[in-house]
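Note sheet for the following structure.
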Amino acid sequence: MTDPTRSAPTLGDLIARRYSRRDALRGSATTAGAVVIGGSLLAACGGGSGGSNSDPLPTVTATASPTSAAPGSRVTITGTASDNGTVTSTTFVQVGGAPVSLSATTGLTTSFIVPGAAVASTIVIRFTANDNSGQSSSVDVNITASANTLSFTAVDKNRNDRVTVPAGYTVTTLIATGDPIASGVAAYSNTGADADFTSRFGDNGAGFLYFGLVASGTGIDVSNSARGLLAMNHEGITQAYLHAGGPTAPGGVRPTAEVAKETEAHGISVVEVAANASNVWAPVTTSAYNRRVTPSSPVVFYGPVRGNALLQTAFSADGSAGRGTIGNSALTTTGWGTALTSEEKWARYFRRPSADNARRTARQVYALNRYGITASAGLYGWETAAAAGSLYARWDAQATGSSATADYRNEPNQFGWVVEVDPYDKAATVRKRTALGRFAHSGVHQFVTVTGLKPAVYMADAGQNEYLYKFVSNTVYASADTTAADRMSIGDKYLDAGTLYVAKFAADGTGTWVPLTFGSNGLDAANATYAFADQADVLTHARIAGDILAATPLDQPQWIQQNVGAVGSTGISTGELLIAMNGNNSRAASATNPAAPRAYVDAPNPQVGNRNGHIVRLREVNSAPDATTFTWDIYAFGAGADLDATNINLSGLVATNDFSGPEGLRFARQSNPAGTATPLMFIQTDDSAYRDVTNNQMLVALGTGAVTDGGTAAAKTITNAGGTTQATRVGATLSANTLKRFLVGPVEAAVTGVDTSPDGRTLFVNIQHPGENGTAAAPTSNWPANQSAASAARPRSATIVITRTDGGVVGL
């Protein structure tokens, strides 16, 4: 055995003993050792009777380029091998450091991508040559791998009418409002004359994801970074630019052609995109995968509310079917490969004047008011095109007929759900999953699926002072379902039966999930506030159930993401959930709570509230998706860098990372270095409070820490407007190295929707409603036409592609 007290030999000792060491190696078939030649560590072994002094070992060298590299960089190892006889084989194998995937294990060249890491390390690759005498020699190559860092220089705040990204990055437009996604459709003129949005890319792109395809033909390859599908929400429209001179309503009636264009520009697009060998991306207009799901497309209801009287309309007397989806915000993927999209801004499209109250029961009026179905006219007046038939008449939610099946009084109940779509199968019926509850769904995110555990879906109600929800399936997850052919039937299995919960946050950093179950906790027919009839009623009116259960009102909860992080021995992810809170301009200082703790005046605006928003961080007890308790704190407080550090800018934001109005969140994919170790999180804003300083933006966070990383400073009491105080939980102060501004959008645009290719070398980002306050005659933006050259074109929402000029992983 080795004597631990003996000092290691010096380089001179090794050189002095080099010849005798080689002799020793040749003398026995079982002897192995190492020598230093030219500064490289060589290993050799003899091959039986062939090992003699007259038969030298193979001579090997190997070099790395580069010898020091950042995560996401490619390192190439080049070896040489010679022998007095014949070199029969050469191999590469990793013998040290963080695991990497070698491009080749034989030959004279291999390469690998440096993995993500929280700390720097040394990766060791061994090159070995074997000769025809059974002898071998090896050399080890050391590569210093650095830790994940945000290597880009932060972008300055600005109000330019273009997308600004860091030096070393390029921006191109991939697809924009109205672009064709079907054969034979004319290019978009962008004059307001274009029609047929059922075959065009929709407007106001929001949440989306990339779904990988095989290199050619049909089939799924989630790892392919050069060909895939974008499943894209279209949250709304910028109405002024869709028509030649803006929208019209002669005699108070909207023209059917205008209404058709506006409705069809909403909904969902599935469009194939592909990159060439130079990583230049373009939509595949002729793809058989391309499709639109609009507010007029057929949908089917699944789950406990299917067939209930609350869903009955003149279109669907049995309450099982409906038409379309609208106001879609966030989008997530399931463990079985479908997309879940959330219906958020749907209530604003309905007309229901106060005169309708006389035709309703007090209970119905209460529910309609709670969901905001109170407008004397729909947002765009689609209901005035009723002469065209029920497709548009349904946007009038008044009780005008003899029963619910004679009018569209229940049409609002057909919206506000989570909708499941299979991007890979355009023939699959779109399903609305009623077990997940009805409200103004913004955030929707599925907790990472783990075999043997019940899947969970987290959801946010985007209204001011609304709630955070969680659905837990009744059925434990089976690994075979990950690759099932009929993906929508797998959704039936996990999403149609389970328990819906609402969150309550406590000042001590703990929280509770309270079930929305008929017959318990006052959710019954005897409740004086609202008499529930059954579980279908509870799910359809989840907001009211949340009120009764005293759920914690939040500051416009938006998108939700899980930092998958490390996975423990049980297979359960240990990562926290991050929930964006867009802000609240209607919260009085006396109405704050631990999870919505700020109410301040941000001069010159005199309103009291949390105008800049924040991001809550939540961790389930035991990291279990079906847990009923959790811990939490606030990861980041939105604020201007110049605001009060004691009570407003609690995260210590500076000029390179101050922000306001967080909405979109997305972690980098685990399939590339940006999504491992300390995963990057993209934070997008949709804000009006900070637009006097900067356009909306996207930041990148290096890791998101952990609940309680605020240490002894975590328990914080904030002094709000008027001197009121509020206890809350605060995470660690953020630094300019762990949070940086990566992108600033064009004038009057929101930055909403982001994903990467699996290899992390392409970043897709949505820019929504540039120039939203302009008119057809006087647009206030000309983006994206002016991104690279001056233009007077009307603005359009668009999906852009961002890449590093050196081909590296975006963000690192």
Q: Indicate the gyration tensor shape class of the stretch 276-379 (rounded, prolate or oblate), computed on the Cα atoms with a ≥ b ≥ c the square roots of the eigenvalues: a/c under 1.5 is rounded; otherwise a/b larger than b/c is prolate and the rest oblate.
A: prolate
Q | More than 13 Å apart - percent of Cα-Cα pairs taken over the stretch 154-193 | A | 68
Q.
Along the Cα→Cβ direction, 7 angstrom out, place labels at Asn142 and Thr76. What is the inter-label distance in nm?
A. 2.4
Q: Above 17 angstrom, tally the Cα pairs of the stretch 189-324 and express them as a % of all pairs, no decimals.
A: 68
Q: Send over the semi-axes of the stretch 468-576's equivalent ellipsoid, whole angstrom and largest first, taken as the square roots of 5 times the C-alpha gyration tensor eigenvalues.
A: 29, 21, 12
Q. For the modelled label position 7 Å from the Cα of Asp492 along Cα-to-Cβ, which residues of the stretch 424-448 have backbone nitrogen atoms closer than 19 Å?
A. 424-436
Q. What nm distance separates the two modelled labels at Ser479 and Val222, each placed 7 Å from Cα along Cα→Cβ?
A. 1.4
**Q.** Radius 11 Å from Cβ of Tyr241, net charge of other residues (Lys, Arg +1; Asp, Glu -1)
**A.** -1
Q. What 222 nm value per residue comes from the helices of the chain, counting each DSSP H run with n ≥ 4 as -39,500 (n - 2.57) and dividing by all residues, nearest 500 deg cm²/dmol?
A. -2000 deg cm²/dmol
Q | P(r) weight above 54 Å for the chain, C-alpha pairs, percent | A | 18
**Q.** Accessible surface of the stretch 436-529 [probe 1.4 Å, protein heavy atoms]: carbon and sulfur percent
**A.** 53
**Q.** For the chain, the longest site-free run once trypsin sites (Lys or Arg not before Pro) in DSSP loop states with at most 15 other Cβ atoms within 10 Å are removed
**A.** 160-425
Q) Length gain on complete extension for the stretch Thr733 to Ser788, per 0.36 nm per residue less the alpha carbon to alpha carbon distance? A) 16.0 nm
Q. For the chain, what is the accessible area per residue in Å² when the probe is 1.4 Å?
A. 35
Q. Rounded to the nearest 0.05, what FRET efficiency do Thr67 and Leu102 have when you use their Cβ-Cβ distance and R0 = 25 Å?
A. 0.90
(Q) What three numbers, in Å, describe the spread of the alpha carbons of the stretch 684-776 along their principal axes, ordered from the longest? (A) 51, 42, 18
Q. For the pair Asn132 and Ala388, how long in nm is the line joining their label points, each one 7 Å along Cα→Cβ?
A. 8.2
Q) To the nearest Å, what is the center-to-center distance of the stretch 714-787 and the stretch 110-168, using C-alpha atoms only? A) 30
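The values are calculated or read from the model by the stated rules, or taken from the named source; none is laboratory data. Predicted model only: the values in this text are computed from it and were never measured. A quick note on method: Cβ atoms are made from the backbone with ideal geometry, for glycine too, and the neighbour counts reach across all protein chains shown. Heavy atoms of the whole protein, side chains included, go into the accessibility calculation; ligands, DNA and RNA do not. Shrake-Rupley method; radii C 1.70, N 1.55, O 1.52, S 1.80 Å.
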